[in-house]
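Student: I'd like to ask some things about the structure below.
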Amino acid sequence: GDWAAFTWEGLQGWIKGEEGHLESEEKKVELDEGEEFIALRDNKTILNVKETWYCDKEDDSMKSEADINAAVEEAGTVETNHQPLDAEGDSGQTIKDQPSQHAASANQKWDKETLLAQSRKFNLDLTPRLLFARGPMVELLISSNISRYTEFKSVTRVLTMLEGKLEQVPSSRSDVFNTRHISVVEKRILMKFLTQCLQDDEAHQDPSKTFGDYLKSQKLTPNLTHFVVHSIAMTPLDCPITTGLQATRKFLSSLGRFGPTPFLWSMYGTGELPQAFCRLCAVFGGDGGKKDQL
């Protein structure tokens, strides 16, 4: 399809093709009786593709690493005058202050040339998705043995915006006890809440109550409510209590299966998932069709 994961060179080629810079070669296809030629590119889902750079190629404020090192080396020269000590004990040696190379490199900015030089070290995923470690997709990949065609990595941290700063969300037992953003009393309340969510049965809950009402009944502080709503359950406060508990339980049950967080991401983009299913299908002699309803 039009949406997939790209290398930088692949993305540039795709953009040029969408802009019409690549001349298509017309090929004559001889059709047999009863056959029909269907152009796969007739129904485009992406139009008016444009590329804009927000950094100048040659900008004085965006120097390369070689220019910065040269500036540091030039500024860090030492001037020495070998003179004997005078009567007051002062020497004639003068030394200029040498600037820190770390400080100079900290001011380095990315320009177009630097990005192009590092282009083989990253991919661009146009439809990024995270998978729960115990979600239905991961279970399907394992049970069907399709996981052998894919590679995943675990998300290292889950962050939330707290008082204008990104802070790590305390979700596991070790995170709760190591965090410094909640008090000792709040740590006990949070651990009790997380344990209670794994034990509570939605059938015994009042369906008329919201998830916010349930959090208040568990005596969660506004600080803890922020962590639970925005980063653990990821549901609004006015959602049904059953929906909030299911989302929280899904998050907690996925913790620690493949890493410190409950999330996995595909190393080569979400487009690898349908390709993995197509590979397994081809092993058993199956055919795949795009944009066709089953």
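The values are calculated or read from the model by the stated rules, or taken from the named source; none is laboratory data. None of these values were measured; they are calculated from a predicted model. Note: ideal-geometry Cβ built from the backbone for every residue, glycine included; neighbour counts use all protein chains shown. The accessibility values were calculated without ligands, DNA or RNA, using every heavy atom of the protein model including side chains. Shrake-Rupley method; radii C 1.70, N 1.55, O 1.52, S 1.80 Å.
Student: Among the residues of segment 113-165, what is the count of those that are in a helix (DSSP H, G or I) and touching a strand residue (DSSP E or B) at 6+ places or on another chain (Cβ under 9 Å)?
Tutor: Looking only at that region, the number is 5.
Student: Report the residue count in segment 171-196 for those that are of a type outside the set (Phe, Trp, Tyr), in a helix (DSSP H, G or I) and open to solvent by 70 Å² or more (accessible area, probe 1.4 Å).
Tutor: Counting residues in segment 171-196 that are of a type outside the set (Phe, Trp, Tyr), in a helix (DSSP H, G or I) and open to solvent by 70 Å² or more (accessible area, probe 1.4 Å) gives 6.
Student: Turning to a different aspect of this structure: Quick one: PRO207 ticks every box in (1) part of a loop (DSSP other than H, G, I, E, B); (2) at pLDDT 90 or above; (3) not acidic (Asp, Glu) except a single one, so which number is it?
Tutor: It is condition (2) that PRO207 fails.
Student: Here is a list: LEU115, LEU85. Which entry is modelled with pLDDT under 85 and closer than 30 Å to GLY13 by Cα?
Tutor: LEU115
Student: Conditions first: (1) at pLDDT 85 or above; (2) exposed (fewer than 15 other Cβ atoms within 10 Å of the Cβ). LEU224 passes all but one, so which condition is the exception?
Tutor: The failed condition is (2).
Student: While we're looking at this one, here's another question. Any residue at all in segment 177-191 that is closer than 13 Å to ARG249 by Cβ and touching a residue at least 24 places away in the same chain (Cβ under 8 Å)?
Tutor: No, that holds for no residue.
Student: Any idea how many residues of segment 118-150 are charged (D, E, K, R) and modelled with pLDDT of 90 or more?
Tutor: Selection size over segment 118-150: 2.
Student: Shifting gears a bit: From GLN168, GLN199, which residue is polar (S, T, N, Q), modelled with pLDDT of 85 or more and either open to solvent by 50 Å² or more (accessible area, probe 1.4 Å) or in contact with a Cys (Cβ under 8 Å, 6 or more places away or on another chain) (or both)?
Tutor: GLN168
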